[in-house]
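Notes follow once the structure below has been shown.
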Amino acid sequence: MAGIGFNTGLKALLGSQVALDTVGHNIANAGIKGYSQQNVMFNTSSPLNVRGLLIGSGVQASSIQRSFDNVLQTRIYSRLGSGNGFEARANAYGEVESLFSEPNGFGLGSSMDDFFASISELAGAPDDPVLRTSMSQGAVNLTSTFNQLASALNTFGDDLAKTVSGETMKVNDLAGQIAVLNSQIAETEAAGVPANDLRDTRGVIIEELSQLVNIKVSENSTGAVNVTVGGATLVGSKGSYSMTLQNNNGGKPQVLIKGVVGAIEVTGGSLGAHMEMSTADVPSINSELDELAKEIIFQVNKIHSTAVPGTGPYNLLVADNAIADADGDGKFEDELLNNGSLPFEVQSGELFVTITEEATGEITKHKLDINAKKTTAGEFAKALSDLPHISAEIGNLGNLRIVSDAGFGYDFSPTLDANPDNIGAFGGGKASLGTGGAEPFTLGDGQTLDLSVDVSGTPTLVSIDLSLADFEDITAATAEELAAVVNADPSAQAVGLNASSVNGHFFIQSAGEGATEGFQLVGGTALAGLGWSSQAGATFNGSDTSVKPIVSGSYTGDLNGVYEFVPTGDGVIGTTPGLGIEVFDQDGELVVTLDVGEGYVPGTELAVADGMSVAFQLGDVSKTSGDYFHLDVVADPDTSNVLVALGIAGMFTGSGALDMSLREDIELDPDLIGAAFSNAESDSSALLALFDQKDSTHSSLGGESFDEFYSQFIGGIGFEASTAQTAYSANTALLGSLELQREQVSGVNVDEELIDLMRYEQSYQAAIQYISTVDQLNEAILSLI
Amino acid sequence: MSQPIDGLLPRTVAWVQEEIGAQRRLLENLMLQQSALEAADLDSLDEAVSAARALRSGAGARDARRRMLLKDFQRLWGVSAKSMTLSSICARLGGSGRRLKILRDELQELLRDVARSGQRVRTLARYHQGVIREVVDEVVTNEGGSTERRGTLLNAEA
């Protein structure tokens, strides 16, 4: 029996102990996250031949191996990252969704509906103070809702930024732990001992890390793992590298890893999701909300700034938005209106200013041209000041201030000028001669215009000299320049001759009205250039009657323009057979010929076009004398958007969701709400235009209305939340499947392990009992030996 | 005298040979059990124990034949069966009992081997039982185990 001695038995017992210890270890760690089942690997010594029997010399435990699948684990890391990312995104969008929910009808959608409903109600009774207060309150509710949502989104964004910062610190902590375990594992395994439990511990930490960021894990020959994030090494053979956050030039946080140049792309895990939410999604949501608020401010203010408030035309307005001193020279006047400091862009266009004499209600309309690339704030203020009865200046803080003279008011409404022939150039009572055609006029230096006026029965010659110095370009002289020359001439002044420019037409008129007024066009070298050659020697007399055209109605056209009225011949309104008045549009196209000849009852309104009518009184009109008047028709009194940009006469102040507010003076006095585009009582045209905005489409909102844009906005948030939740669910199912597979490979079934133990126990007991039986049987035989 | 002993001797030799065969198979089985225990191979152990139980099935018949032989020798020689041994039978037979003596020595050696082997199997099995009980005690009294305890695996292997 040599060879089956104590040594063999000891090996066997130690092997058995290791196997059973492993079973116990498996059971003890069955509930530990990341634990991989361990199995004892035996090898046997060569057997011994004893009396023809091959007897084993024992076994020994050669190694203890983890049941572990690297490929499967890599997939699990990936799924964990994606899953946590989807979950973080779903949760974040869930929070955003809850911000925009409409509890009890107090959300943004309801506020917009209520605001436009209050406009609609006020439009039915624009003078009702209760309804004005109601609309004011509706506007306050709308702006408050925008403010709250924007503020809540900002807070949420700040919270996300803090979360990102905390997760970055967590990444660094885990990376440090992995680096330490790497060293311990490498040291242990260098001694030939598999560091199973340390590997399991490291695996758990890597899993935790994979839930934070998208990582790639590779193991080197020493057993240490290399962990990379976005291609940059987070844990390497020499340790871990710290991850930091730093704002880029755009102010957005980006991830940096020590030793790597440039930002790291973090796309997975909760950190990746929170980064994306913080830097892209929430700013985008905020931006869309801002876009909606900005468009509402713009469209509402654009209409409101051209409306007439319930209190009548303005006497004083101060712009809400200040122009910035961009060049830093301490002056605002030299700044371009479009220098980028205003919340809305100023574009090239025109602004119509209506000045009203409060005592008479008489209005005059004036058009200012604005060049986006040239017009400065100072030039704009001067152009306003150049208008009669108002003055404007830029204040110390860059805000434009417009003041009217006492007894006058102003507005920017599209209202039609009911009395467009202010100077009586169309059949008025004054003696009048017009050019018939419009500027420019081809004149020459030293040319003269000779007129004769009877003064107390004595003809008095007035000779007006045209000088090169009086014109910017005398060969293309304007009616304005010509009128200035005539009006400055002392001899013309002495006999009471006045000159005017009417939409490019040049007129000379007597100072007084009536049949006794008159002057003769004697001659002069300038007659040809003015188209008056055929009129040389003709006398022009005033009239005791005045045609005085009266315009009524509202312009319904889409574009701003000018209608020009010219008689077809010389005659008396309502008397001369065939007498007509041709109406031309701004392109010179004939719009209509109004029959004012025999049979026309003076004072009868005649339809012109686009909702307008005109009536003429009894009187003489003369094509020969160049009778002419024009009517500015205004669809948009401010095509330059200068009023909205400067914040003049708007309803809302601010430029976005966060700072949007109802104008303070309107909130205090709802009568300041501009309900009409005219001074007429009960006119609610501006309110109706405001209400139309509810369903109007806007190019800046992608061709959608406010409601449609908001619906899509909310739908987009819901879609993102739903998509993230669906992806999370799908990922969870996939992760569950992978973890089940891992459980099958690495997991410990406690029941099976305990059953094994019981089976061992029974088998050993059976062997012991059998030996006892054999001993008893052989005892009898031995006694016989 | 010769006739009776001539009949008894072959029967005695046959019985001893039969017992030697049985003990040899038993020893083989015990070796298998020992190997199974040393290898902690529970399946082989169960298989060997089952096979050993089958070996016991012929033990009763052999024991009956042994008792009958001893009675016959008692009648032949008038010696108490309890004091009868194979050694004394061989001594009485003298030269004719030489082969029986060889077989008796072989059987004796086999029985000693079986006893030793049985002792080893019993010792191993009891040791295994002890370890299992320790493991169960460990699990029951220290559920989840301690890090220190788990760490001993590496040391055990070393």
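Within the stretch A:261-268, is there a residue that is surrounded by fewer than 24 Cβ atoms within 10 Å (Cβ to Cβ), acidic (D, E), not in a helix (DSSP H, G or I) and not assigned by TED's automatic domain parsing to the domain that holds A:K373?
yes
Restricting the stretch A:549-560 to residues that are buried (at least 17 other Cβ atoms within 10 Å of the Cβ) and not aromatic (F, W, Y), which is farthest from A:G580 (Cα to Cα)? Step through it out loud before you land on a result.
Here is the first cut: in the stretch A:549-560, the residues buried (at least 17 other Cβ atoms within 10 Å of the Cβ) are A:549, A:551, A:555, A:560.
Still in the list and also not aromatic (F, W, Y): A:549, A:551, A:560.
On the way: A:P549: 14, A:V551: 17, A:N560: 25 Å.
Ranking the qualifying residues of the stretch A:549-560, first place goes to A:N560.
Exactly one condition in (1) hydrophobic (A, V, I, L, M, F, W, C); (2) without any contact (Cβ under 8 Å) to a residue 60 or more places away in the chain; (3) touching a Gly at 6+ places or on another chain (Cβ under 7 Å) is not met by A:L336; state its number.
(3)
Just for the stretch B:73-90: of the residues that are within 9 Å of another protein chain (Cβ to nearest Cβ) and in a loop (DSSP other than H, G, I, E, B), which one is surrounded by the fewest Cβ atoms within 10 Å (Cβ to Cβ)?
Residue satisfying both the conditions and the ranking: B:T85.
Is it the case, given these coordinates, that A:S165 is within 30 Å of A:P283 (Cβ to Cβ) and either free of Cβ contacts under 8 Å to residues at least 24 places away in the same chain or part of a helix (DSSP H, G or I) (or both)?
Numbers: within 30 Å of A:P283 (Cβ to Cβ): yes; either free of Cβ contacts under 8 Å to residues at least 24 places away in the same chain or part of a helix (DSSP H, G or I) (or both): yes.
Taking the combined requirement at face value, the residue satisfies it.
A:G747 - would you say it is more than 7 Å from chain B (Cβ to nearest Cβ), at pLDDT 70 or above, within 60 Å of the chain's Cα centre (by Cα) and under 29 Å from A:G83 (Cβ atoms)?
Against the criterion (more than 7 Å from chain B (Cβ to nearest Cβ), at pLDDT 70 or above, within 60 Å of the chain's Cα centre (by Cα) and under 29 Å from A:G83 (Cβ atoms)), A:G747 does not qualify.
Exactly one condition in (1) more than 10 Å from chain A (Cβ to nearest Cβ); (2) crowded, with 21+ Cβ neighbours inside 10 Å; (3) β-branched (V, I, T) is not met by B:I20; state its number.
It is condition (2) that B:I20 fails.
Only one residue in A:L212, A:L245, A:L234 is in contact with a Pro (Cβ under 6 Å, 6 or more places away or on another chain) and either touching a residue at least 24 places away in the same chain (Cβ under 8 Å) or more than 23 Å from A:S278 (Cβ to Cβ) (or both), so which one is that? Spell out the reasoning first.
Values: A:L212 fails: in contact with a Pro (Cβ under 6 Å, 6 or more places away or on another chain); A:L234 fails: in contact with a Pro (Cβ under 6 Å, 6 or more places away or on another chain).
The match here is A:L245.
Consider A:E219 against the criteria (1) more than 30 Å from A:D128 (Cα to Cα); (2) crowded, with 18+ Cβ neighbours inside 10 Å: it satisfies all of them except one. Which criterion is unmet?
(2)
What are the pairs with Cβ atoms under 6 angstrom where one residue, in the stretch B:26-55, is within 9 Å of chain A (Cβ to nearest Cβ) and the other, located anywhere, is of a type in the set (V, I, T) and in a helix (DSSP H, G or I)? Sequence gap at least six, or different chains.
These pairs meet every condition: B:L26/B:V114; B:L27/B:V114; B:L30/B:V121; B:Q33/B:V121; B:Q34/B:V121.
Among A:A476, A:A499, A:A526, A:A511, which is surrounded by fewer than 18 Cβ atoms within 10 Å (Cβ to Cβ), at pLDDT 95 or above and not charged (D, E, K, R)? Reasoning before the result, please.
Working: A:A499 fails: surrounded by fewer than 18 Cβ atoms within 10 Å (Cβ to Cβ); A:A526 fails: surrounded by fewer than 18 Cβ atoms within 10 Å (Cβ to Cβ); A:A511 fails: at pLDDT 95 or above.
Just one listed residue meets the conditions, A:A476.
For the stretch A:597-707, list the strands (runs of 3 or more DSSP E) that sit wholly inside it and hold at least 3 residues that are in contact (Cβ under 8 Å) with a residue 60 or more places away in the chain and surrounded by fewer than 22 Cβ atoms within 10 Å (Cβ to Cβ); which are they? First the steps, then the outcome.
Working: elements: A:606-609, A:612-615, A:629-633, A:674-676.
Because the criterion is at least 3 residues that are in contact (Cβ under 8 Å) with a residue 60 or more places away in the chain and surrounded by fewer than 22 Cβ atoms within 10 Å (Cβ to Cβ), the strands (runs of 3 or more DSSP E) in the stretch A:597-707 that meet it are A:612-615.
When you check A:G107 against the structure, is it surrounded by 16 or more Cβ atoms within 10 Å (Cβ to Cβ) and either within 27 Å of A:S729 (Cβ to Cβ) or among the acidic types (D, E) (or both), yes or no?
Numbers: surrounded by 16 or more Cβ atoms within 10 Å (Cβ to Cβ): yes; either within 27 Å of A:S729 (Cβ to Cβ) or among the acidic types (D, E) (or both): no.
Answer is no for this residue.
Among the candidates B:R116, B:R104, single out the residue that is assigned to a helix (DSSP H, G or I), at the interface with chain A (Cβ under 7 Å from one of its Cβ atoms), surrounded by fewer than 18 Cβ atoms within 10 Å (Cβ to Cβ) and not hydrophobic (A, V, I, L, M, F, W, C). Write out each step before concluding.
On the way: B:R104 fails: surrounded by fewer than 18 Cβ atoms within 10 Å (Cβ to Cβ).
The conditions single out B:R116.
Among the numbered conditions (1) within 15 Å of A:L643 (Cα to Cα); (2) over 36 Å from the mean Cα position of the chain (by Cα), tell me where A:Y410 comes up short.
(2)
What's the number of the only condition in (1) touching a strand residue (DSSP E or B) at 6+ places or on another chain (Cβ under 9 Å); (2) in the same structural domain as A:N396 (by TED's automatic domain parsing) that A:G330 fails to meet?
(1)
Considering the stretch A:281-300 alone, what residues qualify as being of a type outside the set (A, V, I, L, M, F, W, C) and within 8 Å of the chain's Cα centre (by Cα)?
Narrowing the stretch A:281-300 to residues of a type outside the set (A, V, I, L, M, F, W, C): A:281, A:283-284, A:286-288, A:290-291, A:294-295, A:299.
Residues satisfying the conditions are A:S287, A:E288, A:D290, A:E291, A:K294, A:E295.
Looking at the stretch A:146-200, which of the residues that are of a type in the set (S, T, N, Q) and within 14 Å of chain B (Cβ to nearest Cβ) is surrounded by the fewest Cβ atoms within 10 Å (Cβ to Cβ)?
From the stretch A:146-200, those of a type in the set (S, T, N, Q) are A:147-148, A:151, A:154-155, A:163, A:165, A:168, A:172, A:177, A:182-184, A:188, A:196; that's our starting set.
Now restrict to residues that are within 14 Å of chain B (Cβ to nearest Cβ): A:184, A:188, A:196.
Working: A:Q184: 16, A:T188: 18, A:N196: 24.
Among those residues, the one meeting the criterion is A:Q184.
Quick check on the stretch B:123-130. Is at least one of its residues outside any helix (DSSP H, G or I), modelled with pLDDT under 80, touching an Asp or Glu at 6+ places or on another chain (Cβ under 9 Å) and within 7 Å of chain A (Cβ to nearest Cβ)?
No, the stretch B:123-130 has no match at all.
Does A:A492 satisfy being farther than 19 Å from A:H630 by Cβ, crowded, with 20+ Cβ neighbours inside 10 Å and in contact with a helix residue (DSSP H, G or I) (Cβ under 7 Å, 6 or more places away or on another chain)? Let's see the steps before the verdict.
Working: farther than 19 Å from A:H630 by Cβ: yes; crowded, with 20+ Cβ neighbours inside 10 Å: yes; in contact with a helix residue (DSSP H, G or I) (Cβ under 7 Å, 6 or more places away or on another chain): yes.
Criteria met by A:A492.
Which condition does B:L8 not pass, out of (1) closer than 18 Å to B:R67 by Cα; (2) within 9 Å of chain A (Cβ to nearest Cβ), if it passes all the others?
Going through the list (1) closer than 18 Å to B:R67 by Cα; (2) within 9 Å of chain A (Cβ to nearest Cβ), B:L8 breaks only (2).
The values are calculated or read from the model by the stated rules, or taken from the named source; none is laboratory data. Everything numeric in this text was worked out from a predicted model, so none of it was measured. FYI the Cβ positions are ideal-geometry reconstructions off the backbone, even for glycines, and counts take in every protein chain you see.
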